[in-house]
Amino acid sequence: MAMKKNNRKKKLSIIGAGAVGTAAAQWAVCRSIADTIVLLDVVAGLPHGKALDLFQTSPLYGYAGNIVGTDDYADTAQSDVIIITAGLARKPGMSRDDLLEKNVRIIREVTEEIVKYSPDACLVVVTNPIDAMVYTVFKVSGFPKHQVVGMAGVLDSARYRAFIAQALAVAPSDVTALVMGVHGDHMLPLVRLASVGGVPIEELLSKDEIENIVGRTQHGGAEIVQHLKTGSAFSAPGLAAVEMAQSILKDEKRVVPCAAYLEGEFGINGVFLGVPVVLGKNGVERILEFPLAPDEQEALQKSVEAVKKQVSATGL
Ligand code: A3D
């Protein structure tokens, strides 16, 4: 029997037309992941100009959908997925936690507007400090946990994979690796599970080489901030968010590390933390739980403590 095809038009909105939001919009166009892409910002003219510029790339990319720039949340109505990038980014010397107070205020405001118009959307949160901001979106929206997810692990794992590929001079797409936990210094790039074409990296790289790669992954964001001076990474973060949005919009069931709300998984309760999840049309459809080694469990616990500290600072 022929499968019924879901032909309903898909809508993606991106809140924040800054560096990450613009990169996400570009990647979304390149990959044609939605029929309508809305870019929203509070700065007058910014999203309109960026959307128009992007629209003019459509003959070159072959994207045939709508691209809308706006400062009116009514234009985001009935979105299937909303990527939230609104807020301040880091400058040299700042930690992600330094952004908390101002970004909580912005994220609250943004979430209240979003839910008025798109009660069924899956929300992909990018704004830092991510593990606390995704919690804020969850609490303010009142959405079920499967509809709210944070982007960090996809990016951190991509950085980890890129550094492993570079060290081994192999194709990055042949590297499989997972970063769990908080998006910060206590993130956990799992060494035991990292492999290249199925071969564990522990068989191919020395302890020192692996330690360097793990350290560089943990500080991957800061390394870029140090170079840029005026902002933080945007291209890989934008694509990481689009990778997640695509899996939801196209019901791909990709297995990706994301900040998901935990209720007992890995022995953790009541926080969002980076874990491997299955992303499909319902958002977070499953968390893939597996036994951790004692040192991994201990490292994850440090992540939990870091996130709880951030969350208590949100006042929620
Ligand atoms: P930036 O280029 O400054 O863009 C932020 C945009 O948000 C600006 O255009 C603002 O005008 C807009 N904005 C501010 N307040 C509002 C509001 N109330 N409603 C709508 N738009 C608003 O920053 P960026 O794009 O480089 O970074 C955006 C956020 O993503 C920051 O918090 C970064 O720290 C974060 N980020 C997270 C990751 C992760 O891996 C989690 C990676 C990269 C950036």
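About the Cα centre of the chain, what is the dipole size in debye to 20, counting +1 per Lys and Arg Cβ and -1 per Asp and Glu Cβ, all else neutral? Please list the in-between numbers first.
Values: 31 positive and 35 negative charges, 155 e Å.
With only Lys, Arg, Asp and Glu charged at Cβ, the dipole is about 740 debye.
Can you tell me the orientation of helix 130-141 relative to the chain, as the angle in degrees between its alpha-carbon axis and the longest Cα principal axis, to the nearest 10?
Helix 130-141 and the main axis of the chain meet at about 40 degrees.
What dipole magnitude, in Debye to the nearest 20, does the range 145-243 give about its Cα centre under +1 on Lys/Arg Cβ and -1 on Asp/Glu Cβ?
300
In the range 205-316, with Lys and Arg counted as +1 and Asp and Glu as -1 at Cβ, which of these residues, 231, 213, 282, has the Cα nearest the positive end of the dipole, that is, farthest along it?
So the residue we want is 231.
Using the basic label-point model (7 angstrom from Cα toward the beta carbon), what is the residue 102 to residue 235 distance in nanometres?
With each label point 7 Å from Cα toward Cβ, the separation is 2.6 nm.
Please give the net charge around residue 243, taking every other residue with its beta carbon less than 10 angstrom from that of residue 243, where Lys and Arg add +1 and Asp and Glu add -1.
Values: positive: 31, 254; negative: 252.
Every neighbour counted, the sum reads +1.
Divide by every residue of the chain the summed helix terms, -39500 (n - 2.57) for each DSSP H run of at least 4, and state the resulting mean residue ellipticity at 222 nm, rounded to the nearest 500 deg cm²/dmol. Don't jump to the answer; show the numbers that get you there.
Numbers: 10 runs with 129 residues, N = 316.
For the chain, the value works out to -13000 deg cm²/dmol.
Top mean-square fluctuation among 173, 13, 58, Gaussian network model of the chain, C-alpha springs under 10 Å?
173
Using the alpha-carbon atoms, what tilt in degrees (0 to 90, nearest 10) does helix 19-30 show relative to the longest principal axis of the chain?
Roughly 80 degrees, rounded to the nearest 10.
So how far, in whole Å, is the C-alpha centre of the range 48-119 from the one of the range 188-216?
The range 48-119 and the range 188-216 have Cα centres separated by 35 Å.
Need the full-extension length gain, residue 74 to residue 286, defined as separation in residues times 0.36 nm minus the C-alpha distance. One decimal, nm.
My answer for the length gained is 73.2 nm.
Cα gyration tensor of the range 223-274, axes a ≥ b ≥ c as square roots of the eigenvalues: rounded (a/c below 1.5), prolate (a/b > b/c) or oblate?
Taking the square roots of the gyration eigenvalues as a ≥ b ≥ c, the range 223-274 is oblate.
Give a residue-ordered list of calculated ³J(HN,Hα) values for the range 246-260 (Karplus: 6.51 cos²θ - 1.76 cosθ + 1.60, θ = phi - 60°; whole Hz; x for Gly, Pro).
Each residue's phi maps through the Karplus curve to give 4, 4, 6, 4, 9, 6, 7, 6, 5, 9, 9, x, 9, 7, 10 Hz.
Name the residues whose placed amide hydrogens come within less than 5 Å of the amide hydrogen of residue 183, ignoring near sequence neighbours (fewer than 5 apart) on the same chain.
131
How compact and how long is the chain, expressed as Rg and Dmax of its alpha-carbon atoms in Å?
Using the Cα atoms of the chain, the pair Rg, Dmax is 18.9, 60 Å.
Over the range 153-314, with every protein chain in place, what whole percent of the accessible area is carbon and sulfur at 1.4 Å, could you tell me? Intermediate values should be presented prior to the final figure.
Values: 3860 of 7370 Å².
C and S atoms contribute 52 percent here.
Using the Cα gyration tensor of the range 153-314, with a ≥ b ≥ c the square roots of its eigenvalues, what is the shape: rounded (a/c below 1.5), prolate (a/b larger than b/c) or oblate (neither)?
Values: a/c = 1.22, a/b = 1.21, b/c = 1.01.
Rounded.
Counting heavy atoms of the protein chains only and a 1.4 Å probe, report the per residue accessible area for the range 153-314 as a whole number of Å².
Computed with neighbouring chains in place, this is 45 Å² per residue.
With a 1.4 Å probe and all protein chains kept in place, how much accessible area does residue 85 have, in Å² rounded to the nearest 10?
20
When the chain is fully extended, how far beyond the present Cα-Cα distance does residue 211 get from residue 171, taking 0.36 nm per residue of separation?
12.3 nm
Counting only the backbone N, which residues of the range 26-44 are under 11 Å from the spot 7 Å out from the Cα of residue 66 toward its beta-carbon?
Those under the cut-off are 35-38.
On full extension of the chain, what length is gained from residue 56 through residue 228, given 0.36 nm per residue of separation minus the C-alpha to C-alpha distance? Display every interim value, and only then the final one.
Numbers: separation 172, 0.36 × 172 = 61.92 nm, distance 2.79 nm.
Net length gain for the segment: 59.1 nm.
The values are calculated or read from the model by the stated rules, or taken from the named source; none is laboratory data. Just so it is clear, the model here is predicted, and its values are computed rather than measured. Using ideal geometry, Cβ is built from the backbone for each residue, glycine included, and neighbour counts are taken over all protein chains shown. The accessibility values were calculated without ligands, DNA or RNA, using every heavy atom of the protein model including side chains. Shrake-Rupley method; radii C 1.70, N 1.55, O 1.52, S 1.80 Å.
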